[in-house]
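The values are calculated or read from the model by the stated rules, or taken from the named source; none is laboratory data. Quantities reported herein were computed from a predicted structural model and do not represent experimental measurements. Please note: Cβ atoms are built from the backbone with ideal geometry, for glycine as well, and neighbour counts cover all protein chains shown.
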Amino acid sequence: MPEHEFVAADPDKCVGCGVCEYVCSMQKKHPFNPLYSRIRFVRVYPIVNLGMTCRLCEDAPCVIACPRKALEQSKENGVILVDKDKCDGCGWCIEACEFGAITLDPDDKVAIVCDLCKGEPKPKCVEWCPEEALELTTRDRLAKKARVSAVRKLLLETIE
């Protein structure tokens, strides 16, 4: 299975403005309300601000957990697809997601999850982030970035 891109946040750049949630809610459902957003802003104040969204897990636990087979993972881009006719809002997918990336639509009571803005060149949250804290990345690129950052910190400590 090819590695799929997902939206990730850089905690060193995120200032906690919440623009990502508002832009997503406008794109998806039109009310300017983060309850409709597919990205969740998490604040562990004052230490970390972070946007969390679907990581497009391989063998996605949310898909496996759904008793009504309402969730399916796209083979093309890894996005989790929700069949609104099958979803009864039971929440098993929400419980199965270790990233907290799935919620229920407050109106329809069906699962909502990031669809990367349905193949647009850049998801709206990434496009509109004023601090450029969000990016499309893969697990490998994210891991490499973390390793490089760790080595830089070690080198800086060695120099001091």
Index of the failed condition, residue 109 passing every other in (1) part of a loop (DSSP other than H, G, I, E, B); (2) closer than 23 Å to residue 51 by Cβ; (3) not aliphatic (A, V, I, L, M):
(2)
From the set of residues in the range 78-97 that are within 20 Å of residue 3 (Cβ to Cβ) and out of contact with any helix residue (DSSP H, G or I) (no Cβ under 7 Å at 6 or more places or on another chain), which is modelled with the lowest pLDDT?
78
Could you say whether any residue in the range 63-72 is under 14 Å from the mean Cα position of the chain (by Cα) and of a type outside the set (Asp, Glu)?
no
Can you give me the number of residues within the range 132-153 that are surrounded by 12 or more Cβ atoms within 10 Å (Cβ to Cβ) and of a type in the set (D, E, K, R)?
5
Of all residues being assigned to a helix (DSSP H, G or I) and of a type in the set (A, V, I, L, M, F, W, C) in the range 112-130, which is farthest from residue 23 (Cα to Cα)? Just the residue, please.
116
Within the range 59-77, the residues that are in contact with a Lys or Arg (Cβ under 9 Å, 6 or more places away or on another chain) and not basic (Lys, Arg) are 63, 66, 70, 71
What is the number of the single condition among (1) more than 22 Å from residue 146 (Cβ to Cβ); (2) modelled with pLDDT under 90 that residue 72 does not meet?
(2)
Across the range 85-106, the tally of residues that are of a type outside the set (Ser, Thr, Tyr) and either in contact with an Asp or Glu (Cβ under 7 Å, 6 or more places away or on another chain) or in contact (Cβ under 8 Å) with a residue 60 or more places away in the chain (or both) stands at 4
Has the range 63-85 got at least one residue that is on the phi > 0 side of the Ramachandran plot and among the aliphatic types (A, V, I, L, M)?
no
Per the filter on the range 131-160, residues among the polar types (S, T, N, Q), assigned to a helix (DSSP H, G or I) and in contact with a strand residue (DSSP E or B) (Cβ under 8 Å, 6 or more places away or on another chain) are none
Just the residues that are among the hydroxyl-bearing types (Ser, Thr, Tyr) and under 24 Å from residue 57 (Cα atoms), please, taken from the range 1-35.
25
Kindly indicate which of 5, 58 is within 20 Å of residue 118 (Cβ to Cβ) and of a type in the set (D, E, K, R).
5
Which of (1) in contact with a Cys (Cβ under 9 Å, 6 or more places away or on another chain); (2) aliphatic (A, V, I, L, M); (3) not assigned by TED's automatic domain parsing to the domain that holds residue 3 is the odd one out, the single condition residue 23 does not satisfy?
(3)
